[in-house]
Amino acid sequence: MMRSHYCGQLNESLDGQEVTLCGWVHRRRDHGGVIFLDIRDREGMAQVVFDPDRADTFATADRVRSEYVVKLTGRVRLRPAGAVNPNMASGAIEVLGYELSVLNEAETPPFPLNEYSDVGEETRLRYRFIDLRRPEMADKLRLRSRITSSIRGYLDENGFLDVETPILTRATPEGARDYLVPSRTHPGNFFALPQSPQLFKQLLMVAGFDRYYQIAKCFRDEDLRADRQPEFTQIDIETSFLEESDIMGLTEGMIRKLFKEVLGVEFGEFPHLTYAEAMRRYGSDKPDLRIALELVDVEDQLKAVEFKVFSGPANDPQCRVAALRVPGGASMPRSKIDEYTKFVGIYGARGLAYIKVNDRAKGVEGLQSPIVKNIPEANLNAILDRVGAVDGDIVFFGADKAKVVSEALGALRVRLGHDLELLTGQWAPLWVIDFPMFEESDEGGFAALHHPFTAPKCTAAELEANPGAALSRAYDMVLNGTELGGGSIRIHRKDMQQAVFRVLGIEAAEQEEKFGFLLDALKFGAPPHGGLAFGLDRLVMLMTGAQSIREVIAFPKTQSAADVMTQAPGAVDAKALRELHIRLREQTKAE
């Protein structure tokens, strides 16, 4: 052993003991003839003092610089009164250095590590091995490790088996594009990297394993939005012979234990909201319940008004007219309203009508708004009563296709919650249930809302007769407006699986070609089964308070799905391509 302790483990109980530390020089200071070195390792930092009376050691301490790798021996002593550092775990003690050896020197790092400097993400990712030395980055990865330990412990205790599933598999329609891997031994054919272990975990249930879990790498070649990674990690779970309520109870217990163990946070009961109610009240299937604002439907009051912007959508069953009351928002300047109008435009809203409630006692005179002259006073009052408007409030309106109104006002609700500091607490978990089976795809047919293996709440005949109305046995766990995980009871009967494929426009020949192995499995005694998957990266991001999942992944990719550190993806030489029977097309200028 080169070391006796980690720097972060030193405290008053070791007063007078000799210790050996190994680590990096975080900073070096000269103070009136003594040299202070802050030594850093993965557990934290310790202050080491070198006196001139040990000449050799002092000379070595004099020449070390930031990020040199050193080994030292010394004696722990209490810091003098007034010199205690409350921001450091080892802040009550220091080490008097006896011996010091330099194990490796370091060039000046590309950015300083002893104070946070905004160097730009590209540089941080290019030198990620240095970036990860920063204490706040090391803390996040340590916490990530504690999180996976807690989850594994819980699942092991509850009879789950950890089983690994293949990374080289075949392309399946899961929504995003697959990453493809050419096969050398089967010319012209390709493997795909899994977007999730979905089919394999279902087959493990057919094989009788009853309770499975895996902390699995998944891959999606999608157009990256702010917080997506081409490879990400999910906590993948599948069970047999359990109903929705059992699976939800089990996984809720897992998240409850995790937050208590790692953050000391106790969650109350998780409320259950149906998809329809979540959309109606919050405009989102992953509502942030820390924000008390709610959307209220008001189309019944606007069907007969002359004002086409309202009466048009109010009379169209595909549309929605909703109001959002913001307490104390009447003092909002016009420029702020314009900013919010631009914001809802991102979601397809063509404008943002509003009413400022200055003095309700004065009737229409007490309202400030470009739209009140178009709405009869009785209807205005009915709307203001329904949303609970009082003096000093502002009420925003959305009138458009139902999806546009829900998304635009739903996003505005969250934005206002943060801008006006209306959060009622730190954590708000819930379950969203009763999702529709299908959504209408842009081409006019149906697409699976979750995935095509989700069981419906109705019979196969009812499903095919009216696919648009069918609800699924799916459930999502949501925390603070982020979907933590989602799952469902799966289809375990072949006839039902074929019915779902037919609704999705996958005919018999294609079913056989793409899913023959699954349909086979379903006819050889498949048990009722279901499960869910949690996004580990998102979970760690929420628990560490990080701004992005890139902050909690050791070696993430950039927005363009590249790795600037190893320069991946990279070109491959002609010989390797020949062996794979691949020829690259010449890119023409026009492309």
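Each reported figure results from applying straightforward, stated rules to the coordinates on display, with no laboratory input. As the structure is a prediction and not an experimental result, all values here were calculated from the model. Reconstructed Cβ throughout: ideal geometry from the backbone, glycine too, with neighbour counts over all protein chains shown.
Miscellaneous remarks
- Counting beta carbons within 10 Å around each of Lys257, Lys575 and listing the fewest first gives the order Lys575, Lys257.
- The distance linking the range 233-262 with the range 314-391 is 42 Å (Cα centroid to Cα centroid, whole angstrom).
- Distance between the pseudo-spin-label points of Leu519 and Lys257 (7 Å out from Cα toward the beta carbon): 4.1 nm.
- Selection from Ala59, Tyr98, Ala46 lying farthest towards where the dipole of the range 1-155 points positive, charges on Cβ: Ala46
- Backbone HN-Hα couplings from phi across the range 113-119 [Karplus 6.51/-1.76/1.60, Hz, Gly and Pro as x]: 9, 8, 9, 6, 10, 7, 9
- Distance between modelled label sites at Leu584 and Ser183, nm, 7 Å Cα→Cβ extension: 2.5 nm
- Label-reachable residues, the range 547-591, where backbone N falls under 19 Å from a point 7 Å from Glu136's Cα toward its Cβ: 547-556
- Overall form of the range 291-424 per C-alpha gyration tensor (a/c, 1.5; a/b vs b/c): oblate
- Contact order, relative form, for the chain: 13 percent (alpha carbon pairs under 8 Å, 6 or more residues apart, mean separation divided by residue count).
- Measuring between alpha carbons in the structure, the pairs from Lys403/Lys457; Lys401/Lys494; Lys303/Lys457; Lys308/Lys342 lying more than 28 angstrom apart are Lys401/Lys494; Lys303/Lys457.
- Per-pair calculated FRET efficiency, R0 = 56 Å: Glu105 and Glu12 via Cβ, rounded to 0.05: 0.95
- Protection-proxy order for peptides 340-349, 459-468, each taking the mean of Cβ atoms within 10 Å per residue, highest first: 340-349, 459-468
- Two-site label geometry, Asp227 and Phe555: point separation in nm, points 7 Å out along Cα→Cβ: 2.5 nm
- Rg/Rg_ref, the range 212-260, where Rg_ref = 2.2 N^0.38 Å and atoms are Cα: 1.48
- Taking Lys and Arg as +1 and Asp and Glu as -1, the other residues whose beta-carbon sits under 12 Å from that of Gly410 total +3.
- About its Cα centre, the range 279-424 has a charge dipole of approximately 280 debye under the convention of +1 per Lys or Arg Cβ and -1 per Asp or Glu Cβ, with nothing else charged.
- Contact order, relative form, for the range 7-104: 35 percent (alpha carbon pairs under 8 Å, 6 or more residues apart, mean separation divided by residue count).
- Net lengthening on full extension, Tyr116/Thr482 (0.36 nm per residue, minus Cα-Cα): 129.0 nm
- Here the residues Asp442, Asp434, ranked from fewest to most Cβ neighbours within 10 Å of their Cβ, fall in the order Asp442, Asp434.
- Positive dipole terminus of the chain, leading residue within Leu471, Ser4, Phe307 (C-beta point charges): Ser4
- With θ taken as phi - 60° and the Karplus curve 6.51 cos²θ - 1.76 cosθ + 1.60 applied, the whole-hertz 3J(HN,Hα) list for the range 427-440 is 9, 9, x, 7, 10, 10, 10, 6, 5, x, 5, 10, 10, 6 Hz, x standing for glycine and proline.
- Axis of helix 402-419 versus longest Cα principal axis of the chain: the two differ by about 40°, to the nearest ten degrees.
- Normalised contact order of the range 405-461, rounded percent, pairs of Cα under 8 Å and 6 or more residues apart: 18 percent
- Rounded to the nearest 20 debye, the dipole magnitude of the range 7-104 is 240 debye, with +1 charges on Lys and Arg beta carbons, -1 on Asp and Glu beta carbons, and the Cα centre as origin.
- The range 1-98 shape via C-alpha gyration tensor axes, a/c threshold 1.5: rounded
- In sequence order, calculated HN-Hα J values of the range 7-23 (Karplus, 6.51, -1.76, 1.60; Hz; x Gly/Pro): 3, x, 8, 6, 7, 4, 5, 9, 3, x, 8, 8, 10, 10, 10, 10, x
- Maximal additional length on extending the Lys308-Ala55 stretch stands at 82.2 nm, based on 0.36 nm per residue less the C-alpha distance.
- Centroid-to-centroid separation of the range 12-71 and the range 100-154 [C-alpha atoms, Å]: 20 Å
- Tensor-based shape of the range 434-591 (alpha-carbon gyration tensor, a/c under 1.5 rounded, otherwise prolate or oblate): oblate
- What you get for the chain, charging only the Cβ of Lys and Arg (+1) and of Asp and Glu (-1), is a dipole of about 740 debye around the Cα centre.
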